[in-house]
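One structure below.
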Amino acid sequence: MTRALETALAAASPFLLAYLQRRVGFDDAPDLLGETMVVAWRRAEDLPDDPERARMWLFGIARATLLNHARGQRRRWALADRIRASEGTDRVSPAADEGAEVRDAIARLDPERAELVRLVHWERLSLAEAADLLGIPSSTARSRYARAKEELRAALGVEAAASAGGATA
């Protein structure tokens, strides 16, 4: 049975991939083809003997995989909508380049410091919570955070801007 399935998959895979690409694009199609193959292997005993019927059987599995994928996407979008609604924010998303300087400066930090800054500022964790999540002592987190702030100020020229602003006020 596995030989027949291998033959059927080898013959149909390029067509299945093209079918999936036309429906979900080039990024998701290979993953869906893989899922299709897994389901086919699990149901190998149901493989029709006739090559054309086997091909259509594989297309049926691909279609079911595609429908599952679409349902999953709808659930994810619905969840995202519920989360946005529960936040009570009706704000417009910022421009894609807004904050790019800060993101770039954080990316240039030592990876451990960068993750700490992201946890504190993006995920809104306290230093103690971030330390716990990272598995480091709170004192280590505090010193890394202080060093990260110094490096970010230097990278962004914050002190120079503050000095210039203070001189004119």
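At 222 nm, what helix-only mean residue ellipticity would the chain give, in deg cm²/dmol to the nearest 500, using -39500 (n - 2.57) for each DSSP H run of four or more? Intermediate results must be reported in sequence, preceding the final value.
Working: 8 runs with 127 residues, N = 169.
Estimated from H runs of four or more residues: -25000 deg cm²/dmol.
The angle separating the long axis of helix 2-24 from the principal Cα axis of greatest extent in the chain is about 50 degrees.
Computed over protein heavy atoms with a 1.4 Å probe, the carbon and sulfur contribution to the accessible area of the chain reaches 54%. Across the chain, C-alpha contacts under 8 Å between residues 6 or more apart give a mean separation that, scaled by the residue count, equals a relative contact order of 15 percent.
Local charge sum around A29 (other residues, Cβ-Cβ under 9 Å, Lys/Arg +1, Asp/Glu -1)? Local net charge: -1.
The mean accessible area for residues of segment 1-120, using a 1.4 Å probe and ignoring ligands and nucleic acids, is 69 Å² per residue. Take L134: with every protein chain present and a 1.4 Å probe, its accessible area is about 60 Å².
The values are calculated or read from the model by the stated rules, or taken from the named source; none is laboratory data. Just so we're clear, the structure is a prediction, and the values are computed from it rather than from any experiment. In this analysis, Cβ positions are derived from the backbone assuming ideal geometry, glycine residues included, and neighbour counts consider all displayed protein chains. All accessible areas refer to the heavy atoms of the entire protein, side chains included, with ligands and DNA or RNA removed. Shrake-Rupley method; radii C 1.70, N 1.55, O 1.52, S 1.80 Å.
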